[in-house]
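The structure appears right after this line, and notes come after that.
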Amino acid sequence: MENVNVSVTNSGVNAIYVAFTLASGNAGPISWAAPCASVNNQVTIPPGQTCQATVPSSAGATRFCAYTTLQSPAKANCFLAQSINQTMVETNFGANGSCYPSMSSCVWYDISVIPSSCTDQAWAANQCANTGGASYNLPVALACKNGPTYTCRGPTGNQFGSAMYPSNCGNPNAACVPTNSTPAPACDNAYFHPTPVPSPNAECQVGQTLFITFLPGP
């Protein structure tokens with residue numbers, strides 16, 4: 001089992017409280033480097049600060065999310081994010097058969113703003129109106145060396161229907177996704193519904209660091 005490096009930065013003007021959660025709802029296996037430390041399953045990151053961490057490649061399907069206030073442990077669950085309209089950083093840590101090509105470790109990464117009961121059919125009908133509202137509370141960017149950069153930020157609005165999706169999150173109707181480290185705002189940068197084509201999901205390969213940056217602004 002090999003660890004994967006993760007770097008989380010707060011570029012906003014207020015402190016954030018970042019959780020990392022398994023699909024079971026339990027806190028994920030993550031080791032934060034000093035001086036960062038987890039309290040109530042969250043790490044506090046002051047404005048302008050970065051926290052480094054490692055995650056074992058066995059962690060599997062997981063999520064990062066950020067709160068603007070410290071939560072009780074039971075509420076620090078990123079798999080409840082859609083119910084409280086919270087931006088989801090979706091990760092899938094793996095090794096060998098989970099990686100392409102096969103390698104000792106990797107992490108797949110994406111941003112999701114899918115409303116809680118949105119389906120592909122509902123998106124095709126009316127951009128998932130009345131399905132819980134966009135899962136968005138903070139702007140974020142994901143990047144990895146030699147991999148694409150995904151950027152999703154507000155303000156929210158009606159550009160992509162009435163669910164109040166972030167308006168600077170790429171174009172969910174585009175037939176392209178970012179393919180390199182240069183941001184591609186005209187392409188699809190996040191999941192607005194479950195299975196877009198092409199899929200805005202990428203692999204951070206062995207030895208590389210996944211960079212998660214919570215951005216300033218709405």
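The values are calculated or read from the model by the stated rules, or taken from the named source; none is laboratory data. Quantities reported herein were computed from a predicted structural model and do not represent experimental measurements. Positions of Cβ are generated from backbone atoms using ideal geometry, with glycine treated the same way; all protein chains shown enter the neighbour counts. In case anyone asks, the SASA skips ligands and DNA or RNA and just uses the protein heavy atoms, side chains included. Shrake-Rupley method; radii C 1.70, N 1.55, O 1.52, S 1.80 Å.
Condition first: open to solvent by 60 Å² or more (accessible area, probe 1.4 Å) and either β-branched (Val, Ile, Thr) or under 12 Å from the mean Cα position of the chain (by Cα) (or both). Can you find one or more residues in segment 160-176 that meet it? Scanning segment 160-176 turns up no residue that is open to solvent by 60 Å² or more (accessible area, probe 1.4 Å) and either β-branched (Val, Ile, Thr) or under 12 Å from the mean Cα position of the chain (by Cα) (or both).
Every residue, every condition in (1) within 14 Å of the chain's Cα centre (by Cα); (2) at pLDDT below 95, yes or no:
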site	(1), (2)
Met1	no, yes
Gly28	no, no
Cys51	no, no
Tyr67	yes, no
Val89	yes, no
Gly97	no, yes
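So which residues in segment 111-136 are of a type in the set (S, T, N, Q), touching a residue at least 60 places away in the same chain (Cβ under 8 Å) and buried (at least 19 other Cβ atoms within 10 Å of the Cβ)?
Pass one, segment 111-136, residues of a type in the set (S, T, N, Q): 112, 116-117, 119, 121, 126-127, 130-131, 135.
Among the residues that remain, those that are also touching a residue at least 60 places away in the same chain (Cβ under 8 Å) are: 112, 119, 127.
Matches in segment 111-136: Ser112, Gln127.
Among the residues of segment 169-186, is there at least one that is touching a residue at least 40 places away in the same chain (Cβ under 8 Å) and either among the charged types (D, E, K, R) or out of contact with any strand residue (DSSP E or B) (no Cβ under 9 Å at 6 or more places or on another chain) (or both)? Looking through segment 169-186, none of the residues is touching a residue at least 40 places away in the same chain (Cβ under 8 Å) and either among the charged types (D, E, K, R) or out of contact with any strand residue (DSSP E or B) (no Cβ under 9 Å at 6 or more places or on another chain) (or both). Ala143 passes every criterion in (1) surrounded by fewer than 21 Cβ atoms within 10 Å (Cβ to Cβ); (2) small (Gly, Ala, Ser); (3) within 12 Å of the chain's Cα centre (by Cα) apart from (1).
The rows are residues; the columns are (1) part of a loop (DSSP other than H, G, I, E, B); (2) touching a residue at least 24 places away in the same chain (Cβ under 8 Å); (3) small (Gly, Ala, Ser); (4) buried (at least 18 other Cβ atoms within 10 Å of the Cβ).
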site	(1), (2), (3), (4)
Pro35	yes, no, no, no
Ala53	no, yes, yes, yes
Ser58	no, yes, yes, no
Leu70	yes, yes, no, no
Ala81	no, yes, yes, yes
Tyr109	no, yes, no, yes
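Residue-wise test of (1) of a type in the set (S, T, N, Q); (2) within 27 Å of Gln49 (Cβ to Cβ); (3) touching a helix residue (DSSP H, G or I) at 6+ places or on another chain (Cβ under 9 Å).
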{"position": "Gln121", "(1), (2), (3)": "yes, no, no"}
{"position": "Leu138", "(1), (2), (3)": "no, yes, no"}
{"position": "Thr151", "(1), (2), (3)": "yes, yes, no"}
{"position": "Thr156", "(1), (2), (3)": "yes, yes, no"}
{"position": "Met164", "(1), (2), (3)": "no, no, no"}
{"position": "Ala174", "(1), (2), (3)": "no, no, no"}
{"position": "Pro198", "(1), (2), (3)": "no, no, no"}
{"position": "Asn201", "(1), (2), (3)": "yes, no, no"}
{"position": "Leu210", "(1), (2), (3)": "no, yes, no"}
